[in-house]
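Please treat every number below as a calculation from the coordinates, not as lab data. Computed from a prediction, not measured in an experiment: that's the story for all the values here. Backbone-built Cβ (ideal geometry, glycine too); neighbour counts: all protein chains shown.
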C-alpha cells in the first residue's frame, strides 16, 4: 500500500501493479500517465507517490516542485485543495502540471478557485497509425522520398526487440550519447537515464521495441507501449544521424510490426524545442492532447 498523503514514497518497480490499477480505472490521455514514464524518469524528476481520498498523487520533488493531477476521480475538488495546501509549504509558486484536457473539463470547468492555462510545450502529438505506415498523398511526399533514398543506399533489417538484444541496445545508446555529448546537456542526460531504465527493465515493463540493423550493427532503436485502449505511445526513438532517412524508416517499421492492435500513435511532446516541433508537425498530426497548468485564481504567473 502507498502511504497516505502528505507522506510520499519513492517510485519503484513494486508499484507497477498499483499504479497501473489507478490508470486503468481512471485513464488519462496524456503520455505522462503511464507507469513506464513515471518509473523511467523517477530519478531525473524525483517522482514520489501517495494516496489521497483513494486517488493516486504523483509528486515531482525536483525543483520546481509540482504535482500531477490526482488520478482516481474521488473527491477531486477536496483533493486539489489539499494538494495546493501542501505545495504552498514547499514552493512560492504552487501549481499542478500535465493535467490533460479531460481532467480539466471534468473537474475544473467554471471553477471559481482555480485557473487552467494551456502548456503548449507539453502538448502530445497524436497521429493515425495507418497514415504513418502507408505515407500516402502529397503531405507525406518528403517522408517517402527520404525512406526511398535510405533503401537505395542501405540494406537493412528490422527486428522486434527481445531480451537477448538488450546488451546490443545498451551499447547503441552509449554510442549515440557519446556522439552527442549527452552529459553536457541536462535534457539529453535525463533522457539517457530513462532509456537505460527502460532497457534494463525491459522484461518486467510493458514495453515493445524494435531495432534497425545495417550489417551487424544496430543503427536505430524505438521503444513504445500500448497506451489506453487503442493507442501506441512512443517513449524512445533514436537513430544514427549520419544515415538520412533512417528516422523515417524506424518510425514506419516499428508501427508496421508492433502496433497492429492500435489505431493511433502518441509521439509525446516537443518540449518547446523548435527543431523537434517542426519534425513532429511535418508528420501531420491528427490532433493534440492538450495539457494544462492549474493554479489558484489570483496567483501571479
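Quick rundown of the values:
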| read-out | value |
| --- | --- |
| Histogram of C-alpha separations across the chain, 10 Å bin width, % | 6, 26, 34, 22, 10, 2, 0 |
| Expected-Rg normalisation [2.2 N^0.38 Å, Cα atoms] applied to region 1-153 | 1.29 |
| Fewest-first sequence of 232, 287 by Cβ atoms within 10 Å of each Cβ | 287, 232 |
| Ranked list, fewest to most other Cβ atoms within 10 Å of each Cβ, for 49, 196 | 196, 49 |
| Sum of -39500 (n - 2.57) over DSSP H runs of 4+, divided by residues of the chain (222 nm, nearest 500) | -10500 deg cm²/dmol |
| Residue order, fewest to most surrounding Cβ atoms within 10 angstrom, among 124, 175, 261, 270 | 261, 175, 270, 124 |
| Region 124-268 - percent relative contact order, Cα under 8 Å, separation 6 or more | 34 percent |
| Helix 141-153 axis, angle to the chain major axis (alpha carbon atoms, nearest 10°) | 50 degrees |
| Nearest 10 degrees, 0 to 90: helix 186-200 Cα axis against the chain principal axis | 80 degrees |
| For the chain, built as a Gaussian network whose Cα springs stay under 10 Å, the top-fluctuating residue of 208, 98, 229 | 229 |
| Most mobile listed residue (15, 141, 122) in the chain, GNM with C-alpha springs under 10 Å | 141 |
| Average Cα contact separation per residue, the chain, under 8 Å, 6 or more apart, as relative contact order % | 25 percent |
| Mean Cα-pair separation over length for region 1-157, i.e. relative contact order, pairs under 8 Å, 6 or more apart, % | 17 percent |
| Between helix 246-258 and the chain: long-axis angle, C-alpha atoms, 0 to 90°, nearest 10 | 70 degrees |
| Spatial separation of Cα centroids for region 207-275 and region 1-34, in angstrom | 25 Å |
